[in-house]
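What follows is a single structure, written as structure tokens, with notes after it.
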């Protein structure tokens with residue numbers, strides 16, 4: 001098998017600009033999505049994820065403008081997530097040039113949206129994001145609304161359900177690890193990866209290059225996503241890929 | 001100026017392939033019905049949507065596509081667009097263009113489906129549109145089905161995903177890629193540039 005493991009930087013976007021902050025507060029302008037996206041591309045990023053956190057609905061058209069600009073410059077695939085609540089929203093983003101759309105809360109509230117997107121545009125376009133947290137009963141529970149609302153849904157069952165509904169990929173974030181820099185949640189990732197037959201992207205908690213090696217060596221995950229380590233330049237994608245290669249993880253270089 | 005038609009099956013992202021061609025100075029015409037009165041230098045069948053739906057759009061354009069095929073004019077099929085060159089698909093009912101003998105198969109459950117990500121191209125034949133592209137170059141794939149040609153001579157590259165599948169085909173001026181050249185960085189850009197140059201020479 002020569003399919004490489006993917007490294008995916010994630011950029012938070014508000015009203016058409018990339019922002020940085022801790023847990024969506026104290027947001028600071030961090031620049032132009034096209035410029036930052038191109039820099040990551042040049043460093044060897046395999047894909048990009050843009051997470052739109054624009055709150056006001058009237059400013060949401062900035063998203064399609066941004067998607068259009070990014071698509072005209074970048075020759076690697078990218079996903080756009082955040083605020084997609086209907087097939088029209090998905091269509092709008094995809095027709096502006098995004099390769100995939102990511103849905104999270106809406107997938108939970110309107111599971112048929114997964115099926116609609118995958119039937120209309122192909123399942124490869126449909127990334128379902130799952131935010132999971134270990135609860136008191138030692139179950140991995142799905143949370144919605146930006147990890148704020150508990151749903152009582154078992155994350156493992158939900159991942160199998162979204163696969164059946166037509167998801168092409170799962171973006172799995174560990175709420176326990178997010179922002180901690182303690183490393184990816186290997187246990188959660190392994191549980192889910194072993195239960196589905198679609199690609200899974202691990203997210204949340206990475207703070208070092210070793211953490212990437214760890215999640216790739218201990219689980220059969222397909223890709224790993226990170227934001228802050230790349231934003232704050234703890235290391236760049238080029239260095240990371242060199243390190244992964246030394247540790248016998250197959251990456252595109 | 002080189003004029004290339006992109007066939008629109010009515011679903012998904014045509015923006016990327018269009019942008020990639022524009023960067024090469026090509027005039028692109030996105031259309032759901034090819035026009036017999038227009039002389040295109042080449043036609044692209046893009047890689048979005050599903051077989052069942054695309055087959056219907058293909059039927060409408062079958063005559064002109066056959067005409068290009070028979071007169072050896074350049075056609076590039078990307079992903080689903082390339083699969084349409086064959087006869088049948090496990091994805092759904094309806095006939096493809098039948099330029100090449102063979103069927104489109106589903107990956108087995110031994111591997112994750114869809115096959116998403118960067119994989120390598122093992123060159124079989126030195127296809128013209130692989131000019132300047134190194135053997136084992138990386139390309140971006142996103143698909144659940146792959147072609148199984150009857151005639152192995154049309155296979156330009158293969159890729160390893162549990163099985164060794166056909167990732168590029170070529171016969172005369174008909175070219176097909178299972179990966180997305182418009183999303184495959186430098187190697188992909190070179191392949192598109194080479195296709196455009198084939199279009200320019202005729």
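The values are calculated or read from the model by the stated rules, or taken from the named source; none is laboratory data. Quantities reported herein were computed from a predicted structural model and do not represent experimental measurements. Heads up, the Cβs are rebuilt from the backbone with ideal geometry, glycines too, and the neighbour counts pull from every protein chain shown.
Things to note:
- Top-ranked residue of the stretch B:144-162 - restricted to ones that are part of a strand (DSSP E or B) and within 14 Å of chain A (Cβ to nearest Cβ), ranked as modelled with the lowest pLDDT: B:145
- Once the stretch A:201-220 is narrowed to residues that are touching a residue at least 40 places away in the same chain (Cβ under 8 Å) and within 14 Å of chain B (Cβ to nearest Cβ), the residue that is farthest from residue A:186 (Cα to Cα) is A:201.
- Filter result (within 14 Å of chain A (Cβ to nearest Cβ) and outside any strand (DSSP E or B)) within the stretch B:98-119: B:107, B:108, B:109, B:110, B:111, B:112, B:113, B:114
- Residue B:13 closer than 23 Å to residue B:147 by Cβ, away from chain A (no Cβ under 11 Å) and within 17 Å of the chain's Cα centre (by Cα): no
- Residue in the stretch A:139-154 that is within 13 Å of residue A:192 (Cα to Cα), within 18 Å of the chain's Cα centre (by Cα) and part of a helix (DSSP H, G or I) present: no
- Boolean, residue A:79 is more than 10 Å from chain B (Cβ to nearest Cβ), in a helix (DSSP H, G or I) and closer than 25 Å to residue A:193 by Cβ: no
- Residues in the stretch A:1-55 that are in a strand (DSSP E or B), in contact (Cβ under 8 Å) with a residue 60 or more places away in the chain and at positive phi: none.
- Looking only at the stretch B:163-191, and only at residues there that are part of a loop (DSSP other than H, G, I, E, B) and facing chain A (nearest Cβ under 9 Å), the one that is farthest from residue B:14 (Cα to Cα): B:184
- Residue B:78 vs. criteria touching a strand residue (DSSP E or B) at 6+ places or on another chain (Cβ under 6 Å) and touching a residue at least 60 places away in the same chain (Cβ under 8 Å): yes
- Of the residues making up the stretch A:33-63, those that are within 11 Å of chain B (Cβ to nearest Cβ), touching a helix residue (DSSP H, G or I) at 6+ places or on another chain (Cβ under 6 Å) and either farther than 11 Å from residue A:9 by Cα or surrounded by fewer than 20 Cβ atoms within 10 Å (Cβ to Cβ) (or both) number 1.
- Residue match in the stretch B:75-97 (condition: closer than 19 Å to residue B:150 by Cβ, away from every other protein chain (no Cβ under 14 Å) and part of a helix (DSSP H, G or I)): yes
- Residue count for the stretch A:160-173, restricted to those that are more than 13 Å from chain B (Cβ to nearest Cβ) and in contact with a helix residue (DSSP H, G or I) (Cβ under 8 Å, 6 or more places away or on another chain): 3
- Among the residues of the stretch B:51-72, just one is touching a helix residue (DSSP H, G or I) at 6+ places or on another chain (Cβ under 8 Å) and at pLDDT 95 or above, namely B:65.
- The stretch A:82-114, subset more than 14 Å from chain B (Cβ to nearest Cβ) and at positive phi, residue modelled with the lowest pLDDT: A:83
- A single entry from A:250, A:244, A:225 fulfils the requirement of being within 14 Å of chain B (Cβ to nearest Cβ), at negative phi and part of a strand (DSSP E or B): A:225.
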